[in-house]
Amino acid sequence: MSFPDIIFYFFSTVLVASALGVITARNPVHSALLLVLAFFTSAGLWLLLEAEFLAITLVLVYVGAVMVLFLFVVMMLDINLDYLREGFWKWFPFGAFLALVMATEMAAVLMGKQFGADQMPAPPARAADYSNTKELGRLIYTEYVYAFELAAVILLVAIVAAIALTLRQRIGTKSMDVAKQVAVKREDRIRMVSMPSEKKE
């Protein structure tokens, strides 16, 4: 077994263990920290595949921004753990059955002849001046440009929908109508009153 194989199995073991810890940890803060560990080990696997740009993006975006935000939200919110665990054992047999079916399907696919080591060899070594970022950009903006633009449109629609759901009218809350504020005239807000002057005694 070569050194890259040892590193791969080490990262894979840590990744699977941390992923299981995310869904089995009783404390949500521990789940968030284990998810950070899963992202780091996934970045290590990307490095083994010579995808340095994707690895550093995974660390910077997900670990450095998204997961830190999740961690602060989880730590600041008063989460009722008893309510989260309510009904866990009721649905545990069904979830275990689904997990077994998925594991069986993955094993059947990965143990087939089309996924053997001879069918999927290690990527060839690149030259010193090879740019992973340049190659990724070339593929995105040439061969996969339509899929990239479609994903951007879907994300834009999701952002607009999230904003629209957040700005819906709620009972018992006060909100301002911008259209009414802009349409206000001077006569609606100011009233000129003529009062006679008072004489000093």
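Summary of values
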quantity: All-pairs Cα distance distribution in the chain, expressed in whole percent, bin size 10 Å; calculated: 6, 15, 25, 23, 12, 6, 5, 3, 2, 1, 0, 0
quantity: Separation between Cα centres of the stretch 48-76 and the stretch 1-30, rounded to whole Å; calculated: 16
quantity: Within the accessible area of the chain (1.4 Å probe), percent carbon and sulfur; calculated: 69
quantity: Intensity falloff of the stretch 28-77 expressed as log10 I(q)/I(0), Debye formula with alpha-carbon point scatterers, at q = 0.13, 0.15, 0.29 Å⁻¹; calculated: -0.31, -0.40, -0.99
quantity: Angle in degrees between helix 28-48 and the longest Cα principal axis of the chain, rounded to the nearest 10; calculated: 50
quantity: Shape metrics for the stretch 1-58, restricted to C-alpha atoms - Rg then Dmax, Å; calculated: 12.5, 38
quantity: Selected from E149, E52, E105 as most flexible by GNM, with the chain as the system and alpha-carbon contacts under 10 Å; calculated: E105
quantity: Solvent-free Debye scattering, log10 I(q)/I(0), computed from the Cα coordinates of the stretch 1-105 at q = 0.15, 0.17, 0.23 Å⁻¹; calculated: -0.80, -0.95, -1.19
quantity: Nearest-0.05 FRET efficiency for A147 and R126, computed from C-beta distance (R0 22 Å); calculated: 0.30
quantity: Solvent-accessible area per residue for the chain (1.4 angstrom probe, square angstrom); calculated: 88
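The values are calculated or read from the model by the stated rules, or taken from the named source; none is laboratory data. Quick caveat: nothing in here was measured; it's all calculated off a predicted structure. Cβ atoms come from the backbone with ideal geometry, glycine included; neighbour counts cover every protein chain shown. Ligands, DNA and RNA are excluded from the accessible area calculation, which covers all protein heavy atoms including side chains. Shrake-Rupley method; radii C 1.70, N 1.55, O 1.52, S 1.80 Å.
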